[in-house]
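Computed from the coordinates by the stated procedures, all read-outs in this text should not be read as laboratory data. Keep in mind it's a predicted model, so treat the numbers as computed, not measured. All Cβ positions, even for glycine, are placed from backbone atoms using ideal geometry, and neighbour counts span all protein chains on display.
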Amino acid sequence: MTFSVLASELADLDARGLRRERRVLQSPQRARVTVDGREYLAFCSNDYLGLASHPRVAQAAQEGCARYGVGAGASHLILGHSAAHHALEDALARFVDLPRALLFSTGYMANIGVVTALVGHADAIFADRLNHASLNDACLLSRAAFRRYPHRDLGALEKLLSVTRARRKLVVTDAVFSMDGDIAPAPDLVALAERYDAWLLLDDAHGFGVLGNRGRGVLSHYGIVSPRVIYMATLGKAAGVFGAFVAAQTQVVETLVQRARSYVYTTATPPLLAHALLESLRLIEAEQWRRDRLSQLIRLLKEGLTAHRWRLMPSDTAIQPLIIGGNEEAVAVSEQLVRRGMLVPAIRPPTVPQRTARLRISLSAAHTVDDVAQLVGALDEISKEA
């Protein structure tokens with residue numbers, strides 16, 4: 001492939017309004033950020049509880065650096081597994097009420113590690129069509145038969161499960177869908193997994209810290225207790241730091257320690273981050289007001305955009321997608337907000353289906369009632385001008 005071919009493909013992205021650009025953040029991640037020397041009100045972060053720049057978490061990171069140094073220096077199975085990593089795994093397992101937890105560097109690596117370690121060419125995976133790209137890539141890499149069912153369609157999933165002759169069966173789904181904000185029907189999925197002798201991998205990247213009793217996630221939200229569940233959550237969103245973990249039955253986690261290539265063959269994350277996450281976990285558990293404020297802001301946004309030309313998707317989570325439709329219009333609305341001092345990303349295909357380009361509004365406990373009112377007012381103005 002020549003450079004001219006790449007240039008042509010990039011020009012095609014421009015023509016279809018699909019070229020993505022990076023902004024350079026010059027401040028800590030928070031509700032008001034500095035980009036290119038200008039302050040903006042930001043609705044584009046997954047820092048749902050406002051912990052990414054919390055002084056106690058930052059102080060814990062400094063303490064961890066002083067105690068453990070900067071880098072882990074080795075993979076977990078050589079000499080990179082520090083006391084901080086071990087303490088965090090124990091704390092996370094207790095927090096989500098599962099026997100054992102295992103840290104991964106990212107959610108992407110966790111999903112790839114779990115799926116490829118547990119299923120292979122003689123097995124079958126059943127996946128929600130709107131799953132995150134990391135789950136889809138993991139399924140493809142596993143070499144298992146890969147069957148996708150329509151979004152949240154339990155009937156279609158059961159039909160697939162009822163006819164498969166695979167050695168092992170794995171159902172994989174987002175718990176909170178990252179572009180739509182809706183929640184998977186996890187209790188029904190558990191029932192199907194139990195009925196058809198399957199595992200259920202729940203990717204709770206956007207629910208951990210937010211849903212459930214004291215932020216314990218989707219399992220607590222629904223009161224789910226089942227050995228069929230393999231639970232994955234990330235630690236760079238509501239937890240405000242970095243990394244991910246998988247929690248499950250002891251045999252499952254030990255299998256991942258031995259076979260998950262994205263765990264075995266990579267350097268462990270800096271132990272100072274694990275030390276910081278222990279403090280973050282304490283804040284998640286203790287400070288219910290953060291989830292209460294987030295719920296209040298979600299309600300106010302939905303009420304403010306009820307009679308609007310653009311449609312909010314049905315979501316009760318911090319992810320509030322506003323469907324615009326066309327790629328160019330979604331980008332134009334996003335840029336209009338930039339000119340008004342607000343950052344709300346335009347999400348376009350292939351991340352979302354064709355003709356469903358949207359603004360992905362992400363709310364945080366760091367936002368105020370006035371922040372949400374300012375966004376609603378700006379969207380009303382732009383809508384009337386269009």
Given backbone amide H placed at 1.01 Å from N, residues whose amide H is under 5 Å from that of residue 146, ignoring those fewer than 5 places away on the same chain, are 125
Please report the spacing between the Cα centers of region 288-332 and region 3-22 in Å, no decimals.
30 Å
Report, as a whole number in µm² per second, the diffusion coefficient that Stokes-Einstein gives for the chain at 10 °C and 1.306 mPa s using the Kirkwood radius over alpha carbon pairs.
72 µm²/s
With θ set to phi - 60°, apply the Karplus curve 6.51 cos²θ - 1.76 cosθ + 1.60 along region 82-90 and write out the HN-Hα couplings as whole Hz, x wherever there is a Gly or Pro.
8, 4, 5, 4, 5, 4, 5, 4, 4
In cubic angstrom, how much convex hull volume per residue do the alpha carbon atoms of region 23-87 span?
141 Å³
³J(HN,Hα) computed for each position of region 9-23 - Karplus, 6.51 cos²θ - 1.76 cosθ + 1.60, integer Hz, glycine/proline x
5, 5, 5, 5, 4, 4, 4, 9, x, 10, 5, 9, 10, 9, 9
Mean Cβ neighbour count within 10 Å, used as a protection proxy, ranking 308-319, 135-146 highest first
135-146, 308-319
Environment charge at residue 314 (Cβ cut-off 12 Å; Lys +1, Arg +1, Asp -1, Glu -1)
0
Would you mind ranking 204, 174 by Cβ crowding within 10 Å, fewest neighbours first?
174, 204
Distance between region 24-75 and region 339-386 - C-alpha centres, whole angstrom:
23 Å
Highest to lowest packing among 32-41, 14-23, 265-274, 149-158, scored as the average C-beta count within 10 Å:
265-274, 149-158, 32-41, 14-23
Could the peptides 191-199, 104-112 be put in order, highest first, of the mean number of other beta-carbon atoms found within 10 Å of their residues?
104-112, 191-199
For region 286-375, diffusion coefficient by Stokes-Einstein and Kirkwood Rh (Cα), 37 °C, 0.692 mPa s, µm²/s:
240 µm²/s
For the chain, what is the calculated [θ] at 222 nm in deg cm²/dmol (nearest 500), taking -39500 (n - 2.57) for each run of four or more DSSP H residues and dividing by its residue count?
-13000 deg cm²/dmol
For region 206-216, Karplus couplings with θ = phi - 60° (6.51, -1.76, 1.60), whole Hz, Gly/Pro x:
9, x, 4, x, 10, 7, x, 4, 6, x, 6
Any idea what the relative contact order of the chain is, in percent, if you count C-alpha pairs under 8 Å spaced at least 6 apart?
23 percent
Search the structure for amide H atoms under 5 Å from the amide H of residue 241, placed 1.01 Å from N in the peptide plane, and list their residues when 5 or more places away or on another chain.
236
